[in-house]
Amino acid sequence: MKSDKFIISLYLIISIFITFSIYKDYGISTDEVVQRGTAKINMSYVFKGNKSLKTWMDRDYGVVFEAPLVILEEIFNWEKPGGDERNIYAYRHLITHLFYIVGGVFLYLLISQLFNSKIYGVLALFLYMLNPRIYAHSFINSKDIPLMAMFIICFYVFIKFIKKRSFKNILLLSLVSALLINIRIVGVLFPIAVIAYLFIFDYLDFKFNNIKSTFKNSALYFFITAFFVYLFWPNLWANPIDNFLQSFTNMSHFRHNPFELTYGEMIRATDDKSYFFKWFFISNPFLYLVYGCLGILLLTISVLKTKGAFLVTKETRYIAFLSSFFVLTIAIVLLKNSVIYNSWRQLFFLYPSFIIFIIFFIYYFRDKQIHKYLIFSLIIYQVFVLKKQYSLHPYQTVYFNEFVSSKENYRAKNFKLDYWGHSYKEALETLVSLDDSEEIKVVFSGLIGFQNAKTLPLKDKKRIVRSENIEDADYFITNNYLEAIKIDDNKLIFKIIRDNSPIISMFKLK
């Protein structure tokens, strides 16, 4: 216990120190403005009875993570007089990342218990924090990152409940399950799996002789979870069942299904079953993929080779249960032809399960000489991942592993890099430092470019004027390489380059 406290304290001290050093470096991402708007509409409905929530397009999103941010924004006056919004988004990034850090604490505790090893717990922390693409999202993505962190918390509480099936633990499991569903409705997969596994565990342990207790616990869990989901989700208050089903249907076949530039082709996940795999295997560190895939293989062999006896031991059973989320969710996504875009961010919540596969691969050889070499190799590789994560800062969202060439402009030509547009912040900061005009007319390749003016001091923010017509504008700023190459290169005055590819370009038109 003392060593756990020391490791967790050290992790928190280092992580929080780094957080406060860099959280202001990130720009505003595409979904942030919309997410904040959805939370404000919900809070207006809760406190003022504003009925516009009924017609709000994104009412099918829960706001259990976003609402506290809006409430804090009001309490501490993050928006300064005159419309200075810098603090709003800076603090949103800070709190989102702090929640991600909390997820790391529970991941350490979970892995340490599952594998009965603090070393594995620490390795899991490194795998969690040293994934460049996910790390950047942990500041600017208040949908997928809180979902991932809450999944970890749910996993931990589930194991706690299984070990001691008290009403207190049912209540706690119901609470975190409801929060999970409220963050994103895909979280409904967790309580379904919990109830299914309760009956599977009952059969393995008692051959259904304990079926009454299992029914009782499952029913309690279901109804308490449903109550908490209703309580925390304002859109459900008027018509809980219909609105929940509508939200589930909308999210199952999401209204936004864009084409994504992938290996030089514009494709959609609904048209290409390999979309997830293409992005998963190029945007995660290579050695993680090797260890994880071998972990999947060895875990499958362990279950089949022992004809299910592997599941009799409770510790290994828990490993199989938690890691199965990865395989089963991907199967559901493929069967339902679900919408995925912006790489695989909607499925980031699967990453903790993949970490379990990675750790299992190492654990499998725990009594072999190769065990220490597997750990050593992973740690050495993570040093290089850390170096890459640092060199890409704050644009780790454009991270690709060794599978993707870093030849000049290759990545920009073949993939949409800064798809969330947070690099516009640095471009605009550079622009206002170069041009002291009272009014600067700018054409952006997307609305998020103009939204990033909110990160500027108020006097500079007011100078930026969004122009719809390139003939009337002074500057053109784009995070789209295919648009940038249409402009005369002699007009280029600024660009941000990572791994030999531009992620944003700024042109002076006059």
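Computed from the coordinates by the stated procedures, all read-outs in this text should not be read as laboratory data. All of these numbers come straight from a predicted model, not from anything done at the bench. Because the Cβ atoms are built from the backbone with ideal geometry, glycine has one as well, and the counts that use them run over all protein chains shown.
A few notes on this one:
- Percentage relative contact order, the chain, counting C-alpha pairs under 8 Å, at least six apart: 17
- Region 39-87-region 256-276 distance, computed between alpha-carbon centres (Å): 33
- Per residue of the chain, the DSSP helices (runs of n ≥ 4 H) give a summed -39500 (n - 2.57) that works out to -20000 deg cm²/dmol at 222 nm.
- Listed residue (379, 50, 270) projecting farthest to the positive dipole end of the chain, Cβ model: 379
- The calculated FRET efficiency for the pair residue 373 and residue 165, based on their C-beta separation and a Förster distance of 25 Å, comes to about 0.05.
- Ordered from longest to shortest, the equivalent ellipsoid semi-axes for region 322-478 are 43, 20, 14 Å, each the square root of 5 times a Cα gyration tensor eigenvalue.
- The calculated FRET efficiency for residue 57 paired with residue 465, based on their beta-carbon distance and R0 = 30 Å, is about 0.65.
- Taking label positions 7 Å along the Cα-Cβ direction at both residue 327 and residue 237, the computed distance is 4.4 nm, reported to one decimal.
- Among beta bridges identified by DSSP and lying wholly in the chain, the antiparallel ones come to about 70 percent.
- Helix 424-434 and the long axis of the chain differ in direction by around 30°, with both axes built from C-alpha atoms.
- Cleavage-rule hits, trypsin sites (Lys or Arg not before Pro), region 287-330, DSSP coil, Cβ neighbours within 10 Å at most 10: 307
- Relative to the dominant Cα principal axis of the chain, helix 286-305 is inclined by about 20°.
- Principal axis box of region 1-93, alpha-carbon based, largest edge first, Å: 52, 34, 25
- Separation of the residue 72 and residue 366 label points, Cα + 7 Å toward Cβ, nm: 3.8
- Which of 148, 320, 34, positive extreme of dipole for the chain (C-beta unit charges): 320
- Of interest is the spacing of the C-alpha centroids, which for region 124-198 and region 353-390 amounts to 24 Å.
- Of all DSSP beta bridges in region 419-508, antiparallel share, percent nearest 5: 60
- The fewest-to-most ranking of 263, 318 by surrounding Cβ atoms within 10 Å reads 263, 318.
- Note on residue 119 and residue 386: their simple-model spin labels are 1.8 nm apart, each label 7 Å out from Cα toward Cβ.
- At most 13 other Cβ within 10 Å, DSSP loop - chymotrypsin sites (Phe, Trp or Tyr not before Pro), region 369-432: 403
- Neighbour-limited loop hits for GluC sites (Glu not before Pro), region 67-137 (at most 16 other Cβ within 10 Å; DSSP other than H, G, I, E, B): 79
- Lys, Arg +1 and Asp, Glu -1 on Cβ, resulting dipole of region 456-510 about Cα centre, debye, nearest 20: 340
- Each Lys and Arg Cβ is given +1 and each Asp and Glu Cβ -1; about its Cα centre, the chain then shows a dipole of about 1920 debye.
- Cα Rg, Dmax, region 419-508, angstrom units: 12.0, 36
- Arranged from fewest to most other beta-carbon atoms within 10 Å of their beta carbon, 430, 300 become 300, 430.
- Hypothetical label at residue 227: residues of region 148-186 whose amide nitrogen lies under 18 Å (7 Å Cα-Cβ projection): 166-182
- Only one residue of 188, 98, 348 has its Cα farthest out toward the positive end of the dipole of the chain, where Lys and Arg carry +1 and Asp and Glu -1 on Cβ, and that residue is 188.
- For region 419-508, the relative contact order comes to 31 percent (Cα pairs under 8 Å, sequence separation of at least 6).
- Principal axis box of region 2-390, alpha-carbon based, largest edge first, Å: 65, 54, 50
- Computed about the Cα centre, the dipole magnitude for region 220-322 is approximately 440 debye when only Lys and Arg (+1) and Asp and Glu (-1) carry charge, each at its Cβ.
- Pairwise Lys count, region 214-341 - Cα closer than 25 Å, eight or more residues apart or different chains: 4
- Extension gain, residue 303 to residue 209, is 31.4 nm, computed as 0.36 nm per intervening residue step minus the present C-alpha separation.
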